[in-house]
Each structure stands twice: as C-alpha cells, then as structure tokens.
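The values are calculated or read from the model by the stated rules, or taken from the named source; none is laboratory data. Keep in mind the model is a prediction, meaning the values are calculated, not measured. Cβ placement follows ideal geometry from the backbone for every residue including glycine, while neighbour counts extend to all protein chains displayed.
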Amino acid sequence: MSDYDFDLFVIGAGSGGVRAARIAASHGARVGICEESRVGGTCVIRGCVPKKLLVYAAHFAEDFEDAKGFGWTVGPATFSWPDLIRAKDDEIDRLNRVYLGLLSDAGVTLYQERGTFIGAHRIQLGEESFSAERILIATGGRPWVPDISGIEYAITSDEAFHLEELPERIAVVGGGYIACEFAGIFNGLGAAVTQLYRGDAVLRGFDHEVRSVVSSELRKKGIDLMLESNVERIRKTGAGFELDLDGGEILEVDRVMYATGRVPNVRGLGLRDVGVEVSPDGRIVVDELSCTNIDHIYAVGDVTSRVNLTPVATYEGHCFADTVFGNQTRPVNHEYVPSAVFSQPPVGTVGYSEEDAVHHIGPVDVYRSEFRPMKHTLSGRDEKTMMKLIVERESRKVVGIHVVGLDAPEIVQGFAVAVKSGLTKERFDCTIGIHPTAAEELVTMRNPVRSHG
Ligand code: NDP
C-alpha cells in the first residue's frame, strides 16, 4: 500500500469517471472521486438520458395521428410540459441515486466538491486536500456558444431540460446531434421550430445521403430548416426575441437555443501548474492508454475529446482501470464506433461514410435502399427509410452502414458487431433476414448502386 491517501483519485463522476473508479476499486485500489455537480455526469443528468425521454414524449403526437390508419379513433390529446419535466426529473433523481449506490457499493469515497490540482499528486476539495498515487481527470465537456451580440439571451441544452414552459416559437441554432435532436423534440411537442444551420445540409461529417435525407425529413415533419443561415444578433423584445439573420431577415421567437458544439472542461483545474499538456483547442492530450504527458495523471471521456460519446468514455474508463490496476494492458480502439442521432426520424451509423471510404480506403461498392416503412403503408405518413452499405471492393468487408428511419439506432447497434468484426458482404448475404422487418434489407441488398475506383 502506498503512502498516499488514495491509490486513485478521480475528478468528475460522470460516465467515464464512475466506471473507472468502480473498476479500479474492484481491482483492490483505494479510490476517491469528486463531483461538483450531480453524480452521473452529462449523459445521465443533462444529456442522453433526459434527451431520449423527451424524444419519446415528442413521438406521441405522430403516434396519435398514425393510429387512425389502423382503425383507432383517438380523442383530442393534450400535452403538459410541466408534467413531462416533472416525470423526467423523477427518473433522473432515481438514476442519480443508482449512481451513488454504485459508488458506495464499490467502496469508492465520494466528495461532493470541485477538485483542483494543488500539486502533481494532490487535489484540493473545499477546505481539505488529499494525495493520490494516480489521478484520473474525467471532467467532461460543456456547451460552447459563439460570441455574438445578445448571445446571453440564448439557452443551451443544459437549460432546455428545465424550461418552465414549452415555447410557442423557438429557434434552434446548429446542425449537429443536439440541434437536430432538440428541433425534433420541440417540434413534436407542438412548438413552431426554426432550425438555423450555416451549412448546406445538417450533420456535417455524416454520410452525404444521410445528411440530405435527414434535412428533407426534418422539413417534412414541419421544422422550418433554414440552411446557409447565420444569426448576426439576438435582440430582446417585449414578448420574446428577434434574431437578425445574415440574409437580412428578422426572425421573431419566444426562445433561442444554441447547439453549436461542446468544449472540454479544463478551466480552473490547475492543469498548467502541474504541467498537463492541453491542445490548442483545449482538450487534454492522452495516449492510447489514456495517459497524459505526466505519467501518473490520466484522462478519459469528453475532456480528451477523442470521440465524444458516453459509451466511449465508459469504455475508456474501464480500459484505464484494467490497465493501471488490473494487470492487463488495454489500449482503447476508437475504430468503428457506432453512433446515433435521435432526430425524427433517427439515424444509426457505423464506419466510413461513402466519401470517407473513397478517400481513405480506395475502391468501394455502395449498396443502397430507400423505402416506405411498413408501418406507414397504413398510417399514410410520408416518411422514408434509407439504408446504405459501404463495401471495400478488394476484401469485400463491409466498412460502413448508415440507416435513417424508424428504429435505426437499434438496428445499427446489432450490425455494428458485424462491421467491427470485419465481416464481408458475403457473410451478410448468407444471413437470413427476419421478415417483415426493415433490418432485413441490410442482408438482402444484391447489386451495388455505385462503384468507386
Ligand atoms: P456538433 O459538433 O455535433 O454540432 C455543432 C453544430 O454547431 C454544427 O452544426 C456546427 O456547424 C455548428 N456551429 C459551430 N460553430 C458555429 C457557429 N459559430 N455559428 C453557427 N453554427 C455553428 O455539436 P453538438 O453540440 O450537437 O454536440 C456535441 C457533441 O456531443 C457531439 O459531437 C456528440 O459527440 C455528442 N452528442 C452525441 C449525441 C448522441 O450520441 N446521440 C447526442 C448529443 C451530443 P458545422 O457543422 O458547420 O461546423
């Protein structure tokens, strides 16, 4: 046993920090963890979990409409935002308690304080300080907004979860994960949504057909998607806000939400004093074992900005703990990380986009299918499902799968195992489909629609 107060001290009790703390403790380490906000982190408290609950809520409006096509008569439905927020908050409280239980069951000592380095092995917590042989930084990220006039009137996703009432008219600025998800939430719940994005199709970085299908589906849902639009200024008016757009237009809304990206939480940690290297864009620089340039200080999750997804942070935390305390060397592999956008309809994706595959892999064949999901043959809803497979010509490996449509995240999670395992198109072809499903399309696409190289 070392002379330090702890074998490991973790700063930040979100997904990555909690997993690392629990696993390190299970390997016999004496572990302390601190958290200035609520235990659970962005995902549980103000991210993935409450967001998905709101996505479910938003979907009911369509479900009531669609029910008519199946013989149902649904009476006038009303919606209460305060009831939804209360139910969501109760669930987040429950999860927060689960996380607290996980830490105490694992024997991890929790300090509900902000942690700051005051030495290479010492952390200040309020009035006290503790020493630790190793320190893990898992402080996550926070929303970033551009510095324009009136930006102080804008909310971010942090505040969107706690609005007292549902705005009648809202502008959502951005075209990434959060903007597309919240535009769908507010729209489904009955607000008039204008989504403003500076590019020519939302979800930059995704496959180009995913981007164009999502852009057009968002519009079909009733979102006023304004592409190639920038907000120059936000002004408060008596009733709400006016947004001056770069095209000269003025948009009047009751709320403005910015979802223009997130930045790592490194401010005020004292990293400079202990010499931890931070990149010019503010993320902690780590190697594949999550070690910083200081050999006993590590970092995982969004604060390292490798791939900013909860399951990645959890995986990084687990690998770190196994490597440092469990006697196994577990480098983190960020290849073929699946992800989803819970827009309406949602997106599921794993591997290379068509354009990235052409650029990084070379000759590829593209298989594609677009169809009306079976549910909508009776509902009458004009909504498409689009599926794509990207296949490396020489090896025949499936290197990318992209789905936009009902259940896309659930479908792609399963298929991600095949892509991660390097399975070939022929292995897909000899897999029997489940009929009738949308997912069976992924094992029944026969001829490429395009070949590159
Ligand atoms: P993203 O990086 O996904 O999107 C940011 C958006 O803001 C982009 O459309 C970007 O445009 C735009 N933008 C950036 N700067 C400006 C500016 N100055 N003026 C106008 N628009 C601007 O960030 P999010 O905030 O949506 O999400 C952050 C991260 O959180 C994601 O990258 C993801 O890793 C994670 N996340 C994952 C989710 C999931 O798995 N379902 C859900 C939510 C978040 P451009 O594209 O042109 O740069």
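Annotations
- Exclusive hit being more than 23 Å from GLY301 (Cβ to Cβ), at pLDDT below 95 and loosely packed, with under 12 Cβ neighbours inside 10 Å, set GLY71, GLY75: GLY75
- Residues that are within 15 Å of the ligand (Cβ to nearest atom) and closer than 30 Å to THR78 by Cα, drawn from region 221-232: ILE223, LEU225, MET226
- Screening ILE250 against (1) under 23 Å from GLY199 (Cβ atoms); (2) surrounded by 14 or more Cβ atoms within 10 Å (Cβ to Cβ); (3) not small (Gly, Ala, Ser) leaves a single unmet condition, (2).
- The residues on offer are GLY240, GLY150, GLY174, and the sole one that is more than 16 Å from the ligand (Cβ to nearest atom), touching a residue at least 24 places away in the same chain (Cβ under 8 Å) and either buried (at least 20 other Cβ atoms within 10 Å of the Cβ) or not polar (S, T, N, Q) (or both) is GLY240.
- Strands (runs of 3 or more DSSP E) contained entirely in region 289-394, each with at least 2 residues that are among the β-branched types (Val, Ile, Thr): 347-351, 364-371, 385-392
- Filter result (over 15 Å from VAL173 (Cβ atoms) and touching a strand residue (DSSP E or B) at 6+ places or on another chain (Cβ under 8 Å)) within region 220-234: GLY222
- Boolean, ARG255 is away from the ligand (no atom under 15 Å from the Cβ), touching a residue at least 60 places away in the same chain (Cβ under 8 Å) and closer than 28 Å to PRO345 by Cβ: yes
- Considering residues of region 336-362 that are out of contact with any Cys (no Cβ under 9 Å at 6 or more places or on another chain) and of a type in the set (A, V, I, L, M, F, W, C) only, the residue farthest from the ligand (Cβ to nearest atom): ILE361
- On inspection, LEU289 does not qualify as within 16 Å of the ligand (Cβ to nearest atom) and surrounded by 13 or more Cβ atoms within 10 Å (Cβ to Cβ).
- Screening region 177-200 for residues that are within 13 Å of the ligand (Cβ to nearest atom) and β-branched (Val, Ile, Thr) and picking the one that is surrounded by the most Cβ atoms within 10 Å (Cβ to Cβ) gives ILE185.
- Residue check, VAL18 in a helix (DSSP H, G or I), within 16 Å of the ligand (Cβ to nearest atom), of a type outside the set (Lys, Arg) and under 27 Å from LEU102 (Cβ atoms): no
- Unmet requirement for SER369, which otherwise passes all of (1) within 23 Å of the chain's Cα centre (by Cα); (2) in contact (Cβ under 8 Å) with a residue 60 or more places away in the chain; (3) surrounded by fewer than 19 Cβ atoms within 10 Å (Cβ to Cβ): (1)
- Residues of region 270-305 that are at pLDDT below 95 and under 30 Å from GLN413 (Cα atoms): SER305 alone.
- Residues in region 109-135 that are of a type outside the set (Asp, Glu), without any contact (Cβ under 8 Å) to a residue 40 or more places away in the chain and more than 20 Å from THR292 (Cβ to Cβ): GLY126, SER129.
- Filtering region 292-319 to residues that are farther than 14 Å from GLY17 by Cβ and within 13 Å of the ligand (Cβ to nearest atom) leaves SER305, ARG306, VAL307, ASN308, LEU309, PRO311.
- Qualifying residue in region 329-339 (condition: more than 30 Å from GLU217 (Cα to Cα) and crowded, with 17+ Cβ neighbours inside 10 Å): yes
- Filtering LEU203, LEU218, LEU163 for residues that are more than 11 Å from the ligand (Cβ to nearest atom) and in contact with a Cys (Cβ under 9 Å, 6 or more places away or on another chain) leaves a single hit, LEU218.
- Residues satisfying the stated conditions in region 267-281, i.e. closer than 14 Å to SER305 by Cα and either within 14 Å of the ligand (Cβ to nearest atom) or in contact with a Ser or Thr (Cβ under 7 Å, 6 or more places away or on another chain) (or both): GLU277, ASP281
- Filtered residues of region 414-453 (kept if surrounded by fewer than 16 Cβ atoms within 10 Å (Cβ to Cβ) and assigned to a helix (DSSP H, G or I)): GLY414, VAL417, LYS420, GLU426, ARG427, ASP429, GLU440
- Those residues of region 42-95 which are in contact with a Ser or Thr (Cβ under 7 Å, 6 or more places away or on another chain) and either outside any helix (DSSP H, G or I) or away from the ligand (no atom under 16 Å from the Cβ) (or both), in sequence order: ASP66, GLY69
- LEU218 vs. criteria among the hydrophobic types (A, V, I, L, M, F, W, C) and more than 25 Å from PHE371 (Cβ to Cβ): no
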